[in-house]
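The values are calculated or read from the model by the stated rules, or taken from the named source; none is laboratory data. Since this is a predicted model, take the numbers as computed values, not measurements. Neighbour counts run over all protein chains shown; Cβ positions are idealised from the backbone, glycine included. Keep in mind that these areas ignore ligands, DNA and RNA; they rest on the heavy atoms of the full protein, side chains included. Shrake-Rupley method; radii C 1.70, N 1.55, O 1.52, S 1.80 Å.
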Amino acid sequence: MPVIVFWTSVSSNTTIKKGQHRIFDILSSLKIPHKAVDISQNSDDKDQMREIAGNPTALAPQICNGEVYCGDLKAFEEAVEMDNLQDFLRL
């Protein structure tokens, strides 16, 4: 299963916008196959993201590998910093 990044194209929060771009930049630069799912386009996608995350109020970005939840932006950043991204993404 590819890594799935639930993100939003509609956000006024610059930290979230920059974080989302960083996720995509890192995944692309490491040639890690991933699928981007824009939760602002379909409420079913937002519901799926929250179900996988196990949090009814989770906000984008959230990352999973298939149906296995990996974490949010903060957890992603920590995995990159600790050079533990492969384990974080369950690859």
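General observations
- Sparse-neighbour loop sites [trypsin sites (Lys or Arg not before Pro); the chain; at most 10 other C-beta within 10 Å; DSSP]: Lys31
- ³J(HN,Hα) computed for each position of segment 31-43 - Karplus, 6.51 cos²θ - 1.76 cosθ + 1.60, integer Hz, glycine/proline x: 6, 8, x, 8, 10, 9, 10, 7, 6, 6, 8, 7, 5
- When only alpha carbons are used to place a centre, segment 75-91 and segment 1-74 end up 15 Å from one another.
- Vicinal HN-Hα couplings computed from phi for segment 63-79 (Karplus, 6.51 cos²θ - 1.76 cosθ + 1.60; Hz; Gly/Pro x): 10, 9, 10, x, 9, 9, 6, 9, x, 9, 4, 4, 5, 4, 4, 5, 5
- Projected onto its three principal axes, the C-alpha set of segment 1-54 covers 30, 30, 19 Å, listed from the longest axis down.
- Solution diffusion estimate, µm²/s, Stokes-Einstein, the chain, Kirkwood Rh from C-alpha pairs, 4 °C, viscosity 1.567 mPa s: 100
- With the whole protein complex present, Leu73 retains an accessible surface near 30 Å², based on a 1.4 Å probe.
- Net +/- balance of residues flanking Tyr69 in space, Cβ distance below 12 Å, scoring K and R +1, D and E -1: -1
- Across the chain, C-alpha contacts under 8 Å between residues 6 or more apart give a mean separation that, scaled by the residue count, equals a relative contact order of 33 percent.
- Principal-axis analysis of the Cα atoms of the chain puts helix 14-29 at an angle of about 50° to the longest axis.
- Charges were assigned to the Cβ only: +1 to each Lys and Arg, -1 to each Asp and Glu. The resulting dipole of segment 1-61 about its Cα centre is roughly 300 debye.
- Close amide H pairs (under 5 Å, H built 1.01 Å from N) link Gly71 with Ile63, residues at least 5 positions away or on another chain.
- Of all DSSP-defined beta bridges confined to the chain, some 60% are antiparallel rather than parallel.
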